[in-house]
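Asks: Submitted below is the structure of interest, expressed as C-alpha cells.
Bear in mind these aren't lab numbers, they're just calculated from the coordinates by the rules spelled out. In this text, all values refer to a predicted model and were calculated from it rather than measured experimentally. Virtual Cβ from ideal backbone geometry, glycine too; neighbours counted across all protein chains shown.
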Amino acid sequence: MDRRSFVKNSLVSGLALLSAKSIFAAGISSPKLNIGIIGSGNRGQGLAHILRDFEPIHVGALADTLPFRLEEARAIAPGASPYKDYRKLLDDKSIDAVVIATPMSTHEQIAIDALDAGKHVYCEKTLVKGLHGIQHILDKEAAAPQLVFQSGHQYRSSPLYNEVRSMVQSGYLGDITAIHCQWNRNNSWRKPVPDPSLERQINWRLYREFSGGLVSELMSHHMDFVNWVSDSTPSRICALGGIDHWKDGRENADNVHALFEYPSGMDASFTCTTTNGYEDFQIKILGSNATIVMQRSDAKIFIEQQSRGKKIIVDGVTGATATAWQRGEGATIEAPGQNPTKDALAEFYDAIVHGTAVKSNVYEAANTAKSVQLTLNALDKQKVVYWKDYPELAYAPVDQQKNALKDKKMIARSI
C-alpha cells in the first residue's frame, strides 16, 4: 500500500468525527488532557477561548515573548502557568500536548523541540517555511510515531467540507475542470503597535523573514482544500502579485493571484487581495454536471442546464431543496457542524486519547507547505515552476505509521 492509500484508509470515519465533536458537550466524562499554548497573539488567544470551553482539556501553560500578550491570554485561561521562553513550557512534565500559534518561521524549531520533549503537537498552518524545513519536520515526526502531529488546516475537519469532498469524489459534479478560490479583504492587514520596536514582532505577516504573507496565511487554506478534494498535488504553478497599494514598508505582496495545473488537467486559481472585500471567502468547484459554491460555513450546488431532468440523487441535498436544484437554482448542501477549528481540536484530542487518525496530518500538511513554497518561488522568479523539479518529500514507512496508531494511549489525569 502506498502513502496516499494509507492516508485515505486511515481517515477518521463519520461516526468517529461525530464522536470527537460530542466531547465538547457538557457532562461527558473523558480523560483530561493538559495542554500548553505556544504563541499568545490573536490566533493563540482564539484557540485558548475554544479550548477553555472544551471540558476534557485544561489549558495548563502559555508561552509568548511579549509580556502583554501573555497577560491577555491569562485572562482567558487564568489557571495557566506563563512562560516567556517556550522551552521552559516544554520542560513541564505535566503538559501532554502543545498548540503552536507563532509566526510561520518559528514553527520548525518549536515543533521539533516539542517532539523531542515527548509532546503531541497541533501546529498552525503553514507547517513550516522552506523546503528543507518541511523535510526536517517529516523526519522528526517519523522518528516519534507514537506522538500525534496535526496541522491547523481546520477545514479538513469540517463536516460540511467533508460532505463537499465526498460529493466531488463520488462524481456528482461530473468531471471537475476548474476550482476558483478567493480570500479577499479591504484593509491593510496591519495591527496597531504599542512601541515601534515591536513592529516586526506584531506585524510579522508583512515581512518575508517571518512569513509568506497572503500565500502562507490565507491562500494556504484553499491550496490545502484543492489538494485534498482532488487527492493530488499540482504539476506546475505560476503566480503574480506585488506591493501595489499599501506603500507602508511591508515586504510581502498586498495582492497575489496564483494558478495551479494538476496532472488530471484540472486548473485551480487562487486570489487574495487587500483592497476589495467583495464576496470575501469563496470556493467555486466547476464540474461538467454541476457547480458547488462554498463560503466558510455554507455551500450550494447549481446544476448545469444540460443535466436538468436527469435522475440524479445527491447525498447532502435534502428532498425539500432537490426540486430547486433540478430547476437550476442553488440548493443548500446540508451538513452538521460547529466551528471548523473546534472540530479540528476535537479531532486532535480524539487522536491522542483514542488513537484515531487525524485528517490534517503532517504528511498532507507537508504537501500543502510545498505548494505554498513553490507559489512563493513562482512569485519571486516571475516564471512557471514545476513540482517535479523539486525534491520529492520522503515519508515514514506505512507500517510504522499504522502500528503507531495502535500504540497511542492517553493516561487519564485529575486536574
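Asks: Tell me the label-point distance for the pair residue 392, residue 66, using the 7 Å Cα-to-Cβ offset, in nm and rounded to one decimal.
Replies: 4.3 nm
Asks: For the stretch 202-273, rounded, prolate or oblate, judged on the Cα gyration tensor with a ≥ b ≥ c (square roots of eigenvalues), a/c < 1.5 rounded, else prolate if a/b > b/c?
Replies: Since a/c reaches 1.5 and a/b is larger than b/c, the shape of the stretch 202-273 is classed as prolate.
Asks: Could you work out the mean projected area of the convex hull around the alpha carbons of the stretch 160-205, in square nanometres to one decimal?
Replies: Mean projected area for the stretch 160-205: 5.7 nm², to one decimal.
Asks: Separate question: Find, among the GluC sites (Glu not before Pro) in the stretch 213-281, those assigned to loop by DSSP (not H, G, I, E, B) with at most 16 other beta-carbon atoms within 10 angstrom.
Replies: Sites meeting the loop and neighbour criteria: 251, 279.
Asks: How many lysine pairs are close in the stretch 157-332, with Cα atoms under 30 Å apart and the two 8 or more places apart or on different chains?
Replies: For the stretch 157-332, qualifying lysine pairs total 6.
Asks: Identify the trypsin sites (Lys or Arg not before Pro) of the stretch 90-174 meeting these criteria: DSSP loop state and at most 16 other C-beta atoms within 10 Å of the C-beta.
Replies: In loop regions of the stretch 90-174 (DSSP not H, G, I, E or B), the sparsely surrounded trypsin sites (Lys or Arg not before Pro) are 93.
Asks: With every atom except the alpha carbons ignored, what do you get for Rg and Dmax of the stretch 157-332, in angstroms?
Replies: 18.9, 65
Asks: Shifting gears a bit: If you add up the charges near residue 223, with Lys and Arg at +1 and Asp and Glu at -1, over every other residue whose beta carbon is less than 11 angstrom from its beta carbon, what do you get?
Replies: My count for the surroundings of residue 223 gives +1.
Asks: Return the Rg/Rh value of the stretch 26-154, two decimal places, where both radii are evaluated on C-alpha atoms and Rh is the Kirkwood radius.
Replies: Checking Rg against Rh, the ratio lands at 0.95.
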